[in-house]
Amino acid sequence: MILACGMSYTRSDNEEDLLMKLALYFQICGTELLVIDEVEHIHSLSLKRRLLEVSNLAPTLPIVCASCHPTAWVTGDAEVAGRWNDYFELRQYTGERLRQLLAYLELLLPFPEPSALAVYTFGDHAGPAHFIERWTGGVLRDVMMLILDASARAIEQRLPCLSLSLLETTWQAIQTHQVTDFLAMLQKRKAWN
């Protein structure tokens, strides 16, 4: 965490020194949020306690822990369980919830014609929302990757909207060229503009 703040430490620093430096560096850097991904991989009670100490040293800093099993992570330590007891479940976007998300996203798209992303059926034919749900399983990351990539392709091709065929081609490309470095992808897109 100290290195992530752009700071350094020495070999002679003990754990107490490192915790104090971390609290200081959070203040110097203006850290507004600490996100710890895959927190369930911290099994050691001493490391869980260390995280508790970090939260004590920076009491106004919100700490968000991402986990597939948030309630399992706190087991084994009553104080950790008592202090880290709020969790929010990220549900997949399906059905009406997906339609609402797609309708909102369409408002943000820079195209002169509607893409009808939130439509499940056109008469007897499946609409974009049906396919987006089927392809992505309603996983927000995948929905956003699809819309972002399809929008970039539409802009490059000077298309007036996102068509179903463009969405399908984009989804197939995502499956064959899986993106894992989202920051690099966004910087690449920014360079195109």
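Here L90 clears all of (1) closer than 23 Å to R141 by Cβ; (2) modelled with pLDDT of 85 or more except the condition numbered (2).
Provide a single number: the residues in region 137-174 that are β-branched (V, I, T) and touching a residue at least 40 places away in the same chain (Cβ under 8 Å).
4
A single member of G95, G123 is loosely packed, with under 15 Cβ neighbours inside 10 Å and over 27 Å from R141 (Cβ atoms), and it is G123.
Can you tell me which residue within region 45-87, out of those that are outside any helix (DSSP H, G or I) and hydroxyl-bearing (S, T, Y), is farthest from A23 (Cα to Cα)?
Step one: filter region 45-87 for residues outside any helix (DSSP H, G or I), giving 58-69, 74-77, 84-87.
Then keep just the ones that are hydroxyl-bearing (S, T, Y); that gives 60, 67, 75, 87.
Values: T60: 11, S67: 24, T75: 26, Y87: 24 Å.
Once the filter is applied, the top-ranked residue is T75.
When H130 is tested against (1) touching a Leu at 6+ places or on another chain (Cβ under 7 Å); (2) farther than 30 Å from L52 by Cβ, exactly one condition is not met: (1).
Name the residue, out of L98, L102, L117, L107, that is more than 20 Å from the chain's Cα centre (by Cα), outside any loop (DSSP other than H, G, I, E, B) and either among the aliphatic types (A, V, I, L, M) or not assigned by TED's automatic domain parsing to the domain that holds S163 (or both). Before the answer, list the steps.
On the way: L98 fails: more than 20 Å from the chain's Cα centre (by Cα); L102 fails: more than 20 Å from the chain's Cα centre (by Cα); L117 fails: outside any loop (DSSP other than H, G, I, E, B).
Among L98, L102, L117, L107, only L107 is more than 20 Å from the chain's Cα centre (by Cα), outside any loop (DSSP other than H, G, I, E, B) and either among the aliphatic types (A, V, I, L, M) or not assigned by TED's automatic domain parsing to the domain that holds S163 (or both).
Name the residue, out of S46, S151, S67, that is closer than 18 Å to I174 by Cβ and out of contact with any strand residue (DSSP E or B) (no Cβ under 6 Å at 6 or more places or on another chain). Can you show your working first?
Working: S46 fails: closer than 18 Å to I174 by Cβ; S67 fails: closer than 18 Å to I174 by Cβ.
On inspection, the qualifying residue turns out to be S151.
The values are calculated or read from the model by the stated rules, or taken from the named source; none is laboratory data. Source: prediction; values computed, not measured. FYI the Cβ positions are ideal-geometry reconstructions off the backbone, even for glycines, and counts take in every protein chain you see.
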